[in-house]
Amino acid sequence: MVFDKKKHQAIIDQVEEYIAEHKDTVKQHHWREHYHYQAPVGWINDPHGLIQYQGKYHLFYQHHPFTGKWGTMHWGHAVSEDLIHWETLPEALAPSEEYDGWDGGGIFTGSAVNNDGVMTLFYTGCAQARQVQCMATSTDGINFDKYDGNPILSDPPEGINLHDFRDPKVWKHDGSWYMVTGVTDGVSDLINPSNYETNGFGKVCLHRSENLTDWEFVGYCVESMGELGTMLECPNIFKLGDKHVLMYSPMGMQQRQVVYLVGDLDYQTGKFHWSTMGSLDWGFDYYAPQVFDDENGRTLIQAWIGSWPFMPWCDGTYDTSELGWYGSISLAREVSLCHDGKLKFTPVQEVEKLRHSPKRHTELKLNDGEKFAFEAGDNVHCEIIADIDLAASDCDSIVFEIRSKGEQKTLIELDLKKGELAFDRTQSGSRSALRRTCPLECASKDRANIRIFMDSISVEVFTDGGRTVMTNNIFSDEDSAGLYVYAKNGNARIETLKTFGMKSVAE
Ligand code: FRU
C-alpha cells in the first residue's frame, strides 16, 4: 500500500502544534520527573526502537499526545548522547494508513535495526480488524517513510487471534533476520487477563527473513497451558554470555509482570529451551522492557514506568491524567548473567553524572524503633545507597521511610525474618494505595545492600546486588520530604549510608 507521506506529515504537524501549545503548562507540575524521561505532553507507555545509531541513543515510545490517557498510538522520539540528557525530536510515526490508522489502535510497539546504515523500524499496525507487522525507514534518524509494501507480515500462524499478534522485535543472526512477536490463541478479555478460557494461551512466534520484507514462520519459542501467561506482550530474545534470554511482559501471571527465561534458542525449530525463570522487576509500575546492545558492548534495558488501568492493582484512573500526561521511562539498566543462571540489573554508570551534594554516614547503629532522619539533596530527587551488616543486626526488618510528612509516607522494608522486600504505598497519598512484596535473597546472608533512586513520582529500588528490583510510582504531596531509616524488633548496623541529590535534566 503506497505510503501517504503528505497525510502522515500533516498529522505529525498537528501533534507538534499541540505539544508546542501545551508543554509549558504541563512542565509546571511538581509531579513532573526530574531525571526520568517523559514526553513533553500526553500519555506514554512502552519504550521501543531502542538503538544507538550514528553515535546517538534513540528512544521511541508509545505516545498519545492529546490526553493523559491511552488513545490512538503514535511513536514519540527522543535522542541522547549519554542515556541521561534526552532531547525530544518531532513525532516519528503517526497513524495515517489503512493498516495502522484506526482510532483506537495506531502504531503499536516495535523495534529498530541498522540495515547497512538505514535505520529500519518495525511496528505493529493496529487497525480495527487485525494487527499486522509493518516497516519504516530513515537515513537521518529523524524523518521516517513507511514502506510502500506494508504490511510486511499480516498473517499470524494458524489458530492465532488476529487481534493479538504484535510487538515485533527484530535482530540479525548468522546473516538472516529474525523476528519475535507475542500472540495468543484466545480472544482478549482485558478485564480478567488471567482467564485463559477466554484469553487462551500465550505464545511467542519466531519468523525468519533474508531481506526484512518477506517473512516465514519458523516455530513457537514458548507455548504453555497458561502458566507462562495468556498473552505474551513485547517479547525480546537476546544473547548473554553463552546463553539466550527470552523476556516478555505477560498478561495473566499476576505479580509476574516482566518475566525472563534463561536457556538456549534453537534457530532451526524456533524452540526456546529454558531452565531458569525470573522477574526483571517486581514493582507495580515496570512494564514492557526492551533490550538493545550499545556500541560499548553493553546489554541495556529500559521499560515503561507505569501500569495498565485494567491491572488488578490499578483502579482504572491515574493521578496525573487530568494534568494531561502520564508515564515515564526507567533509567537504563545494564543486564548481566550471574553464575547461577539468574540475571542482575545495574543502573548504567552514567547516572552518576546526576549526583550532587554527597553525604555519608558510617557505622550507623539503629536501636529498635528509633528513627534516624537523614538528608539526600532536596530529599525528593535523590539516590540512597546503604550497606548493611546483617551479622551485626538482630532486628526483624530494616525500613526506609521516604516522602514522609505526618500521616503521609512510603515504606521500603527489608524483611529479614520473612525474607521479603516490601514496597508499601498505602499511605503515599496516591490512588492504587497498595503494598507489594517479593522474595529477598540477602535475608539469609551476612550483608545486604540497597540502592534507591527517587524522582518526583518514580522510585526504583535495587537489592541483592541488582537481582531483586522493584519500581513503583507514588504521587505524594510536594512537601512530603522526610527521610528516615529504622530497625523493627531489634537493632541494626548500617556500615555506610551514602546519599546524593540528583540534578534535573528535564527539558
Ligand atoms: C504493552 C502493549 C503492547 C502494545 C502496546 C499498545 O504495554 O500492550 O503489547 O503494542 O502496549 O500501546
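Taking the longest Cα principal axis of the chain as reference, the axis of helix 5-27 is set at about 20 degrees.
Global dimensions of the stretch 129-240 from alpha-carbon coordinates: Rg and Dmax equal 15.0, 47 Å. Compared with the rule-of-thumb size 2.2 N^0.38 Å for a compact globular protein, the stretch 290-392 has a Cα radius of gyration ratio of 1.46. The spacing between the stretch 239-269 and the stretch 425-471, judged by their C-alpha centroids, is 23 Å. Remark: the chain carries a charge dipole of roughly 1000 debye about the Cα centre, counting +1 on each Lys and Arg Cβ and -1 on each Asp and Glu Cβ.
Of TYR196, TYR486, the order by accessible heavy-atom surface (1.4 Å probe, DNA, RNA and ligands excluded), from most exposed downward, is TYR196, TYR486.
Using a probe radius of 1.4 angstrom, the carbon and sulfur fraction of the accessible surface of the stretch 307-420 is 48%.
The share of C-alpha pairs in the stretch 412-507 whose separation exceeds 23 Å stands at 29 percent. Of the peptides 324-332, 7-15, the ranking by mean beta-carbon count within 10 Å, highest at the top, reads 324-332, 7-15. Kirkwood hydrodynamic radius computed over the stretch 165-307 comes to 15.4 Å, based on all pairs of distinct alpha carbons. Kirkwood radius, the stretch 71-169, all distinct C-alpha pairs, inverse of mean reciprocal distance: 14.0 Å.
Take SER275, project a point 7 Å from its Cα along the Cβ direction, then tell me which residues of the stretch 227-259 have their backbone nitrogen under 17 Å from it. Within reach of a label on SER275: 240-246. Approximating the spin labels as points 7 Å out from Cα along Cα→Cβ, the GLN128-to-GLU350 distance works out to 4.3 nm. For the chain, the relative contact order works out to 13 percent when only alpha carbon pairs closer than 8 Å and six or more residues apart are counted. How many angstrom lie between the C-alpha centres of the stretch 21-46 and the stretch 152-168? Using only Cα atoms to place each centre, the spacing works out to 34 Å.
Accessible area per residue of the chain at 1.4 Å probe, in Å²? I get 37 Å² per residue for this part.
Cross-link partners of LYS488 among lysines, defined as those whose alpha carbon lies under 17 angstrom from its own and excluding same-chain residues fewer than eight positions apart: LYS365, LYS371, LYS409, LYS417, LYS418. Label separation (THR139 vs LYS342): 5.0 nm, computed from points 7 Å beyond Cα along the C-beta direction. With one equal scatterer per alpha carbon and no solvent term, the Debye-computed log10 I(q)/I(0) for the stretch 348-400 at 0.27, 0.30 1/Å reads -1.23, -1.39.
Each label point was placed 7 Å from the Cα along the Cα-to-Cβ direction; for ASP294 and ASN489 their separation is 4.3 nm. For the stretch 347-500, the spread of Cα coordinates along the three principal axes comes to 37, 33, 29 Å, biggest extent given first. Explain nothing, just the number: relative contact order of the stretch 347-462, from Cα pairs under 8 Å at least 6 residues apart, as a whole percent. Result for the stretch 347-462 is 23 percent.
Between ARG360 and ALA391, residue separation times 0.36 nm minus the direct Cα-Cα distance comes to 9.0 nm.
State the dimensionless ratio Rg/Rh of the stretch 1-154 (Rg: radius of gyration of Cα atoms; Rh: Kirkwood radius). Over the Cα atoms of the stretch 1-154, Rg/Rh equals 0.95. Working from the alpha-carbon coordinates of the chain, get Rg over Rh, Rh being the Kirkwood radius. Answer for the chain: 0.97. Counting only the backbone N, which residues of the stretch 237-260 are under 20 Å from the spot 7 Å out from the Cα of ARG435 toward its beta-carbon? Only 255-256 pass the distance filter.
The values are calculated or read from the model by the stated rules, or taken from the named source; none is laboratory data. Nothing here was measured: the structure is a model prediction, and the numbers come from that model. We place every Cβ from the backbone using ideal geometry, glycine too, and count neighbours over all the protein chains shown. Side chains included, ligands, DNA and RNA excluded: accessible areas come from the protein's heavy atoms. Shrake-Rupley method; radii C 1.70, N 1.55, O 1.52, S 1.80 Å.
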